[in-house]
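Encoded as structure tokens, the structure appears first; notes follow it.
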Amino acid sequence: MNTSLKNTVRLLGAGLRALLVLSVVCGVLYPLTVTGVAQALFSGKANGSEISDESGHTVGSSLIGQTYDLPKRNPDDPDEAAKPDLRWFQPRPSNGLGSNSVNLRYSLILSGATNRAADNADLVKWVTEAKAAVVADNSTPDHTVRPEDVPADAVTSSGSGLDPDISPAYAKLQVNRVAERNALPVRQVAELVAEHTEGRTLGFMGEPRVNVLELNSALKAVSKA
């Protein structure tokens, strides 16, 4: 065997040994180590930040927004507009969601921003209609919502369309309507909002927020009590 062939065989052998070692280290040992540490120290976050109801069933993730709509009269009609179920706290609008042609039951598979300028006619129309709907839906015989009290997150979607949180202002705006629809004292519902209001991360990053799924899970437990 000549020198050139020997060198080629030696290099191939070294390459195969390196491939085997790196495959074991990077493809087996490292993932197992990271998974083990994550499960031991941050099991909730590692498993998707799941939220369970009082019976222990997973109802969603605290990282992904959900809609709270009434059942459609015709489930097979894709053009029928969904109407919000006003017993529950409502999330931000999701106009940025793309249509899912794979499985219409799970529209959150796709997401996206509206990508329209502030003076875009379509966006102005959406915001105007959304504000009118928020005022109408949340006004009760004992409490009238003023248009100037409607916060921005009540009428605009997030960049992804999947934001799980709303502002404390939007949550408080919905308190009277939720209390009325669930035959609960306004004070009790307001306390639920206060209990589920999170401050800025580390005290200075981001804005105060309320996770809608967590809040509605607590509301469900109280309304059944």
**Asked** Can you tell me which residues in segment 65-83 are surrounded by 12 or more Cβ atoms within 10 Å (Cβ to Cβ), assigned to a loop (DSSP other than H, G, I, E, B) and in contact with a Pro (Cβ under 8 Å, 6 or more places away or on another chain)?
**Response** Gly65, Gln66, Thr67, Tyr68
**Complete:** Sole miss for Lys45 among (1) modelled with pLDDT of 80 or more; (2) surrounded by 11 or more Cβ atoms within 10 Å (Cβ to Cβ); (3) not in a helix (DSSP H, G or I) is condition (3)
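Select from segment 168-225 the residues that are assigned to a helix (DSSP H, G or I) and among the aromatic types (Phe, Trp, Tyr) and list them in ascending order.
Of the residues in segment 168-225, the ones assigned to a helix (DSSP H, G or I) are 168-173, 175-181, 186-195, 212-224.
Residue satisfying the conditions is Tyr170 alone.
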**Asked** Based on what the data block shows, is Gln39 at negative phi, in a loop (DSSP other than H, G, I, E, B) and surrounded by 11 or more Cβ atoms within 10 Å (Cβ to Cβ)?
**Response** no
**Fill in**
The residue from Pro185, Pro151 that alone is within 17 Å of Lys220 (Cα to Cα) and either in contact (Cβ under 8 Å) with a residue 40 or more places away in the chain or not hydrophobic (A, V, I, L, M, F, W, C) (or both) is Pro185
**Asked** Do we find a residue being modelled with pLDDT under 95, of a type in the set (Gly, Ala, Ser) and out of contact with any Pro (no Cβ under 7 Å at 6 or more places or on another chain) anywhere in segment 211-219?
**Response** yes
**Message:** I want to confirm something. Restricting to segment 55-64 and keeping residues that are surrounded by 11 or more Cβ atoms within 10 Å (Cβ to Cβ) and not polar (S, T, N, Q), which single residue is nearest to Ser160 (Cα to Cα)?
**Reply:** Ile64
**Item:** Of all residues making up segment 26-54, the number that are touching a Leu at 6+ places or on another chain (Cβ under 7 Å) and either more than 29 Å from Asp165 (Cα to Cα) or free of Cβ contacts under 8 Å to residues at least 40 places away in the same chain (or both)
**Value:** 1
**Qualifying residue in segment 201-218 (condition: touching a residue at least 60 places away in the same chain (Cβ under 8 Å), aliphatic (A, V, I, L, M), closer than 27 Å to Glu54 by Cβ and in contact with a Gly (Cβ under 6 Å, 6 or more places away or on another chain))** = yes
**Request:** Name the one entry in Ala194, Ala190, Ala154 that is surrounded by fewer than 18 Cβ atoms within 10 Å (Cβ to Cβ) and within 22 Å of Ala133 (Cα to Cα).
**Result:** Ala190
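The values are calculated or read from the model by the stated rules, or taken from the named source; none is laboratory data. No experiment lies behind these values; they were computed from the predicted model shown. Every residue, glycine among them, receives a Cβ derived from its backbone with ideal geometry; neighbour counts consider all protein chains shown.
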